[in-house]
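**Q** The structure that follows is given in the form of structure tokens.
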Amino acid sequence: WVQCPIENINIFTPNNDGTNDFFVPINLNQYPNPYLLIFNRWGDVIFHTNDPSLGWDGTYKGQPLAPDVFVYSIGTTCDNGQALETKGNVMIVR
């Protein structure tokens with residue numbers, strides 16, 4: 001296990017140019033039982049994964065979302081066994 005906190009990028013450009021197309025928390029794969037949730041402004045879960053190698057591609061139900069700010073929740077277990085949840089904002093820029 002590695003020490004907390006989790007680091008991440010807060011802006012991404014999902015335009016399929018091969019650069020910064022996914023929102024993926026950095027080093028999340030080093031934590032046991034990680035998860036990533038993305039919420040829209042109404043609090044609906046629009047993305048969820050327990051696979052740290054998968055990132056969010058800026059879509060919902062297969063459709064690209066317009067530029068906006070979304071809320072993320074990242075959870076895992078720290079090296080001391082304590083549960084950790086980090087929340088913040090992520091922005092889609094197209």
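**Q** Can Asn50 be described as of a type outside the set (D, E, K, R) and in contact (Cβ under 8 Å) with a residue 40 or more places away in the chain?
**A** In short, no.
**Q** Let me ask you something else. For the subset of the range 6-24 comprising residues that are among the hydrophobic types (A, V, I, L, M, F, W, C) and part of a loop (DSSP other than H, G, I, E, B), which member is modelled with the highest pLDDT?
**A** Top of the filtered list is Phe22.
**Q** Still on this structure: Would you call Val69 modelled with pLDDT of 95 or more, exposed (fewer than 13 other Cβ atoms within 10 Å of the Cβ) and in contact with a strand residue (DSSP E or B) (Cβ under 8 Å, 6 or more places away or on another chain)?
**A** no
**Q** In the list Asp51, Asp57, which residue meets the criterion of being under 15 Å from the mean Cα position of the chain (by Cα) and over 16 Å from Leu28 (Cα atoms)? Give the derivation first.
**A** Details: Asp51 fails: over 16 Å from Leu28 (Cα atoms).
Being under 15 Å from the mean Cα position of the chain (by Cα) and over 16 Å from Leu28 (Cα atoms) holds for just one of Asp51, Asp57, which is Asp57.
**Q** Take the residues in the range 18-62 that are out of contact with any Pro (no Cβ under 6 Å at 6 or more places or on another chain) and of a type in the set (Gly, Ala, Ser), then tell me which one is surrounded by the most Cβ atoms within 10 Å (Cβ to Cβ).
**A** Gly55
**Q** Just to be sure I understand, how many residues within the range 62-73 are farther than 24 Å from Gly18 by Cβ and either small (Gly, Ala, Ser) or without any contact (Cβ under 8 Å) to a residue 24 or more places away in the chain (or both)?
**A** Qualifying residue count for the region: 1.
**Q** Quick one: in the range 74-86, of everything that is over 17 Å from Phe22 (Cβ atoms) and open to solvent by less than 60 Å² (accessible area, probe 1.4 Å), which residue is modelled with the lowest pLDDT?
**A** Cys78
**Q** Follow-up question, since we're still on this one. Tally up the residues in the range 25-49 that are modelled with pLDDT of 85 or more and in a loop (DSSP other than H, G, I, E, B), please.
**A** 6
**Q** Does Asn89 qualify as being exposed (fewer than 12 other Cβ atoms within 10 Å of the Cβ) and free of Cβ contacts under 8 Å to residues at least 40 places away in the same chain?
**A** no
**Q** Still on this structure: Condition check: in contact with a helix residue (DSSP H, G or I) (Cβ under 9 Å, 6 or more places away or on another chain) and at pLDDT below 95. Does Ser53 satisfy that? Spell out how you get there, then give the answer.
**A** Details: in contact with a helix residue (DSSP H, G or I) (Cβ under 9 Å, 6 or more places away or on another chain): yes; at pLDDT below 95: yes.
Criteria met by Ser53.
The values are calculated or read from the model by the stated rules, or taken from the named source; none is laboratory data. Note that the structure is predicted; figures quoted are calculated from it, not measured. Don't worry about glycine lacking a Cβ; one is built from the backbone with ideal geometry, like all the others, and counts go over all protein chains shown. In case anyone asks, the SASA skips ligands and DNA or RNA and just uses the protein heavy atoms, side chains included. Shrake-Rupley method; radii C 1.70, N 1.55, O 1.52, S 1.80 Å.
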